[in-house]
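For reference, the structure discussed in these notes is given below.
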Amino acid sequence: MARGPQRRPPVRATARTAMPTVADLLQTGLAHHKSNRLKPAERAYRKALDAEPNNADALHLLGVVVLAGGDAGEAVSLIERAAERAPRRPAILFHLGEAYRTAGRMEDALAAFKNTVEIAPDDTEALFNMGLILTHLGRAGEAVPIFIKASTLAPGSPELKLALGIALKDIGDLEEAERIYRDLLSATPDFAEAHANLGIVLQMQKRRDEALDSFRKALALRPEFFRQAVQNISATGAGQLWLSLEQARKALGQDSG
């Protein structure tokens with residue numbers, strides 16, 4: 001007797017067919033994020049956030065990825081929400097500071113980095129960012145001890161020593177700034193930014209020939225620094241370097257937020 005088509009039993013959900021959990025989505029997003037695949041990372045984080053709208057990790061990671069994509073406004077909103085839910089997480093507070101800084105909210109950024117350092121006092125990058133913002137805000141005197149502390153934690157960082165030299169210059173301690181730059185250049189002789197900033201300090205001390213030599217070294221290493229800066233040897237100021245401090249700052253990008 002012929003048998004008709006048999007009904008198949010319903011397919012049971014298995015691990016292979018189950019919907020991904022929030023943890024799965026976050027791991028997927030992180031894998032994309034670490035490989036700089038920002039759009040797939042963003043999609044995974046948004047799916048995680050759709051599933052759990054108050055998940056601090058989803059809010060934080062989505063904020064970081066949209067900040068990398070250029071949307072500082074949304075990043076601030078997302079990471080603020082993450083910080084409300086996890087106020088003692090240094091990584092969240094640090095990235096909140098980054099988002100504020102990118103959005104131009106320097107005082108808020110400074111507060112976020114301070115909060116980071118209160119929880120993680122050896123966070124060199126948070127200290128560095130605090131010092132940079134204080135210098136930007138014209139509070140170099142407060143920045144100097146912060147840069148010194150960061151430099152003791154990361155003694156091999158040329159960027160920290162460069163920033164310390166700039167802050168020392170801004171408070172008028174030109175001799176110490178010069179010492180910092182010369183020590184830095186003895187270890188990293190091809191550091192164009194250090195040559196240029198040494199030139200600024202030497203120019204401020206009216207040591208024109210030495211300043212010119214430092215600027216020439218920076219120019220040889222990084223010609224793009226000085227595309228809009230020129231040397232003017234005039235009859236009224238023989239040997240005077242026309243390159244002003246303001247022009248040097250602009251050429252080096254130091255006046256940007």
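Bear in mind that the values in this text are calculations on the coordinates, not laboratory data. Every value quoted in this text rests on a predicted model; they were computed, and no experiment measured them. Glycine also receives a Cβ, built like all others from the backbone with ideal geometry; neighbour counts cover every protein chain displayed.
Here each label is just a point 7 Å from Cα along the line to Cβ, and for GLU107 and GLU84 those points are 2.2 nm apart.
Ordering ILE92, ASN36, VAL66 by Cα displacement along the dipole of the range 22-120 toward the positive end leaves ASN36 in first place; charges were set at the Cβ atoms of Lys, Arg (+1) and Asp, Glu (-1). Strictly over 30 Å apart at the Cα level, which of LYS169/LYS217; LYS114/LYS169; LYS161/LYS206; LYS114/LYS206; LYS34/LYS114; LYS39/LYS161 would you flag in this model? Going by Cα-Cα distance, LYS114/LYS206; LYS39/LYS161 fall outside the 30 Å limit. On the basis of the beta-carbon distance and an R0 of 25 Å, LYS34 and ASP122 show a calculated FRET efficiency of 0.55. Here SER186 and ALA51 are evaluated by their C-beta separation; at R0 = 51 Å the FRET efficiency comes out at 0.40. Computed from point charges on the beta carbon alone (+1 for Lys and Arg, -1 for Asp and Glu), the dipole magnitude for the range 38-158 about its Cα centre is near 80 Debye. For ALA72, neighbours were defined as the other residues whose beta-carbon sits under 14 Å from its Cβ, and their charges (Lys and Arg +1, Asp and Glu -1) total -3.
Normalising the Debye intensity of the range 22-120 to I(0), with uniform scatterers on Cα atoms only, and taking log10 at q = 0.15, 0.17, 0.22, 0.23 Å⁻¹ returns -0.53, -0.68, -1.06, -1.13.
Could you tell me the distance between the Cα centroids of the range 172-189 and the range 77-132, to the nearest Å? Comparing the Cα centres of the range 172-189 and the range 77-132, I get a distance of 30 Å. Computed from label points 7 Å out along Cα-Cβ, the spacing between MET19 and ALA91 is 2.6 nm. Here the gap between LEU153 and LEU221, fully extended at 0.36 nm per residue and compared with their Cα-Cα distance, gives a gain of 21.6 nm.
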